[in-house]
Amino acid sequence: MISRYESAMRAAARRYARFFASSVILTTALLSACHHAPRLAHAGVDPLGSLTPLSPALYGARLPDRLSDSTYWRMITQFSERGGYFRSENFVSNEMGVQYVIPRLLQAVPPGGVYLGVGPEQNFTYLAALRPRIAFIVDIRRQNLLQHLWYKAVFELSPTRAAFLSRLFARALPTNAVPTLSADSLIVALGRAPADPILFRRTFAEVHDLLVKTHGFTIDSTDLSTLRYVDSVFFSSGPSLNYSSGSSGFGGGGGRGGFGRSMPTFADIAGATDETGLNRGFLGSEASYTVVRDMQRRNLVVPIVGNFSGPKALRTVGAWLRERGAKVNVFYTSNVEQYLFMQGDDWNRFYANVETLPLDTTSAFIRSVTNRGFGGGGYAGRNGNNMMAQVTSPIMSLVLDAKTGLVRSYGDVIGRSR
């Protein structure tokens, strides 16, 4: 009998085959009309000697300045669990209010700590603002891990935000773009540039060579196909990429209608701000971008396949940190907890896993709450009336309340958030 997981993976493979076939047709047609594409400046990876200094590790933790390629890949493979299913491919966040909690967190969370997160690019904004010493991105979807590897390569290959966006979406931007340009201005320029199939092919070749030949990561043919698919979705969608984009097109046929229309695009999120109007996103300034890029070049953003309620991923990360005297000071969960409360006792197993992490009284969850239901409407005013609101809560007290029976529902979790 075929399991639900295996059935879902086969269905995803069929969707991918249909989507990629159409992308190949599009690319071939465009290639017939295009013969030249501008070569991006600084195609190679900068030498490690140009890295900016890291913040000192909190608590005197014995955290490395960088991970070797072999150690990084070993951690990815040994910490990961078997991949699972989620109803959306989630190429980009649907959370416009990610930055609203940053000013409050900066008052309580010093740099040099440990960050845990889930999902795609919104993690980069928290890394840019909070400046942890190391980050682990734990997601049930293996495709998310591979998307983060693709992001890693594009970061490493791109010294500036303009070069990054150009490679990310295969659209030529001026290589001499002024470093002080706003994210909005860069995105406007990106939106005006046509999709460039030659740049698309060149970027994928660069990414492949960097990951496989330079870093020596063992990426099999299945994972390589997924990387190509991820690249194809960004190329086909451009800066209008949203949460519903991709072959599954959850809720709106790839963002072209229905539920997908209400989702913010990559362009919307890149131009978002905190409630004071300051863009704290990783694309908000060259300085913020450099923070994340340098973490990637040091192999300090470690993507892992893991179920929050599973037996291995979170506990293995916790053991690795504990051995080095480090503590988790931020854990961004998005709205995963909401789904865990819909899946029997998964929420209880999740908090039991979190209890095994090295924590202290300042350790904080960041979570996303819909502004419709679960009492989320109370957060709408200070989250810009966005569809999702970002809130925080202490980790240790919530874990204790779950253990002692004071937390029994997702509403109880939201009630402890602010």
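The values are calculated or read from the model by the stated rules, or taken from the named source; none is laboratory data. Values in this document were obtained by computation on a predicted structure and should not be read as measured data. Ideal geometry is used to build each Cβ from the backbone, glycine not excepted, and the neighbour counts take in all protein chains shown.
Data for the structure
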{"read-out": "Region 229-246 - residue that is within 14 Å of the chain's Cα centre (by Cα) and not polar (S, T, N, Q) and, of those, surrounded by the fewest Cβ atoms within 10 Å (Cβ to Cβ)", "value": "V230"}
{"read-out": "Residue in region 169-176 that is assigned to a helix (DSSP H, G or I) and either of a type in the set (K, R) or buried (at least 24 other Cβ atoms within 10 Å of the Cβ) (or both) present", "value": "yes"}
{"read-out": "Region 307-339 - residue that is among the hydroxyl-bearing types (S, T, Y) and under 24 Å from Y100 (Cβ atoms) and, of those, surrounded by the most Cβ atoms within 10 Å (Cβ to Cβ)", "value": "Y332"}
{"read-out": "Among residues of region 140-162, those that are closer than 16 Å to A205 by Cα and either without any contact (Cβ under 8 Å) to a residue 24 or more places away in the chain or outside any loop (DSSP other than H, G, I, E, B) (or both), counted", "value": "11"}
{"read-out": "F282 at pLDDT below 95, surrounded by 22 or more Cβ atoms within 10 Å (Cβ to Cβ) and hydrophobic (A, V, I, L, M, F, W, C)", "value": "no"}
{"read-out": "Unmet criterion (only one of (1) more than 23 Å from W73 (Cα to Cα); (2) surrounded by 21 or more Cβ atoms within 10 Å (Cβ to Cβ); (3) more than 21 Å from the chain's Cα centre (by Cα); (4) of a type in the set (A, V, I, L, M)) for M342", "value": "(2)"}
{"read-out": "Pairs where the first residue, in region 95-120, is more than 24 Å from M387 (Cβ to Cβ) and the second is aromatic (F, W, Y) and in a helix (DSSP H, G or I), C-beta under 7 Å, 6+ apart", "value": "Y115/Y126"}
{"read-out": "Residue list for region 279-316, restricted to those being closer than 18 Å to A129 by Cα, in a loop (DSSP other than H, G, I, E, B) and among the hydrophobic types (A, V, I, L, M, F, W, C)", "value": "F282, L283, L300"}
{"read-out": "Residue in region 187-207 that is under 19 Å from the mean Cα position of the chain (by Cα), under 22 Å from R66 (Cβ atoms), part of a helix (DSSP H, G or I) and modelled with pLDDT of 95 or more present", "value": "yes"}
